[in-house]
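All of the numbers you see were taken from the coordinates with simple rules; none came from a lab. Note that the structure is predicted; figures quoted are calculated from it, not measured. A quick note on method: Cβ atoms are made from the backbone with ideal geometry, for glycine too, and the neighbour counts reach across all protein chains shown.
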């Protein structure tokens with residue numbers, strides 16, 4: 001992507017500005033997107049973006065600049081301009097012995113997306129749209145989205161690291177909307193992976209669409225969820241979004257280094273029920289959030305965050321790790337060269353327990369069964385969250401009873417972790433996009449079925 005001689009000259013320029021650390025991140029991304037409404041294509045766009053980001057450290061302060069002009073002259077110029085923001089007083093180094101870090105290829109691609117005709121991608125989308133409509137005559141609209149991304153990155157720094165990675169991701173989203181004369185409800189799924197088009201040979205998108213329709217139709221006919229504190233059973237898969245949002249962000253060094261996390265200073269402390277183990281693993285083969293290296297060139301790894309209720313680790317990037325006196329955990333991520341990296345999650349999940357899901361339900365006299373979670377919001381500093389339940393049912397006398405709609409789960413992440421009293425054996429993951437100060441990135445969330453002894457449940461009406 002860039003000649004080593006250019007990289008060396010840019011980093012030498014950085015050191016001539018008396019920085020403590022200099023880094024160049026170079027990226028080329030090819031992206032294809034298709035959107036569809038009711039089986040008809042709305043947009044079909046393809047594009048290539050390339051550029052570079054220059055990051056300089058002065059002590060624990062950093063400055064970042066980016067450009068889409070990859071000429072040597074321009075890269076050197078923006079390095080000098082970036083350095084004007086901060087000045088240090090340190091020695092320079094003019095010779096670089098670039099070390100390629102040992103890395104494993106976790107994402108083997110069988111069918112590169114750019115080799116698949118657009119017509120074939122559209123056929124899969126149309127099949128899913130038709131399946132959603134055929135589920136019920138109450139389905140009034142379908143919205144589908146397809147995206148594939150092929151990204152090449154190069155990261156080099158003044159510590160002698162030169163790392164490269166090739167990343168391919170594919171995803172398709174399906175939303176089905178059911179309507180009555182007075183109400184509309186929707187169902188949604190968005191499977192994705194670090195795979196090529198073979199993903200859609202492994203996943204039956206028509207069945208995915210039927211499940212989206214099932215949620216929409218079921219919730220259209222459901223009663224309003226009661227508002228009260230109650231026991232809540234949260235299903236596996238996207239149920240893990242609660243841990244991701246309400247707890248995971250608070251374990252990122254982005255927040256911890258600023259003491260803006262409820263878990264700051266609590267390594268080695270009990271922060272969750274003893275039956276809870278939580279992991280962030282950037283090495284899961286072909287998973288949505290997997291990469292061979294992070295966006296600072298550090299190999300990704302499996303990080304045990306919580307083990308049997310005890311806080312074991314944070315997710316750490318170089319800059320925040322420097323502030324905290326901790327090494328990187330391979331957790332630095334960014335949306336593109338337009339963002340400086342910071343600590344972010346990859347594939348985050350609550351590990352499987354030993355309890356059968358049927359036994360968890362049978363052991364719950366009364367409560368809410370959150371079968372499918374929707375979106376929500378959280379304040380990492382306090383852990384206070386508010387999440388919508390996309391598909392919910394009441395539990396009565398140990399059995400799943402009537403469907404309910406409009407439910408929201410309200411609470412604090414650190415309190416909810418301690419109230420988990422059942423963990424199922426049916427671990428499953430789901431895919432989403434996570435936004436933070438380094439942009440929007442693909443992340444897996446996951447968990448087995450869990451039960452929380454008490455959560456405030458909000459509802460409408």
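Here are a few things to note about the model shown:
- Three-way shape label, segment 304-362, alpha-carbon gyration tensor, a/c 1.5: oblate
- Equivalent ellipsoid semi-axes - Cα gyration tensor, segment 151-191, angstrom: 47, 11, 5
- Cα shape, segment 131-261, gyration tensor, a/c 1.5 rule: oblate
- Spread over its residues, the convex hull of the C-alpha atoms of segment 102-171 is 130 Å³ per residue.
- Scoring 379-391, 327-339, 42-54 by mean Cβ neighbours within 10 Å over their residues and listing the highest first yields 327-339, 379-391, 42-54.
- Antiparallel DSSP beta bridges within the chain, percent to nearest 5: 90
- Cα centroid separation, segment 40-62 to segment 115-189: 21 Å.
- Calculated FRET efficiency for the pair residue 137/residue 35, C-beta based, R₀ 25 Å, to 0.05: 0.55
- For segment 285-389, a/c is not less than 1.5, where a ≥ b ≥ c are the root eigenvalues of the C-alpha gyration tensor, and a/b tops b/c. That puts it in the prolate class.
- Taking Cα atoms only, the orientation of helix 4-16 departs from the longest principal axis of the chain by about 80 degrees.
- Based on C-alpha pairs under 8 angstrom that are at least 6 apart in sequence, segment 145-268 has a relative contact order of 17 percent.
- Peptides 340-346, 193-199, 26-32 ranked from most to least packed give 340-346, 193-199, 26-32, packing being the mean of other C-beta atoms within 10 angstrom over each peptide's residues.
- Quotient of the Cα radius of gyration of the chain and 2.2 N^0.38 Å, N being its number of residues: 1.04.
- Cα centroid separation, segment 388-405 to segment 296-312: 34 Å.
- Computed over the Cα atoms of segment 224-458, the ratio of the radius of gyration to the Kirkwood radius (Rg/Rh) comes to 0.98.
- Panel note: the C-alpha atoms of segment 233-324, placed on their principal axes, show extents of 39, 34, 19 Å (largest first).
- Hydrodynamic radius (Kirkwood) for segment 329-461, which is based on Cα pairs only, to one decimal in Å: 16.4
- Segment 272-325 - Debye-derived log10 I(q)/I(0), Cα point model, q = 0.22 Å⁻¹: -0.90
- Principal-axis tilt of helix 118-135 within the chain, Cα atoms, nearest 10 degrees: 20
- Relative contact order computed over segment 224-458 (Cα-Cα under 8 Å; 6+ residues apart), in percent: 31
- Tilt relative to the chain, helix 205-220 - C-alpha long axis, 0 to 90 degrees, to 10: 50
- Residue-averaged [θ]222 nm for the chain, counting only DSSP H segments that reach four residues, each worth -39500 (n - 2.57): -5500 deg cm²/dmol
- Only Cα pairs under 8 Å and 6+ residues apart enter the sum, and on that basis the relative contact order of the chain stands at 16 percent.
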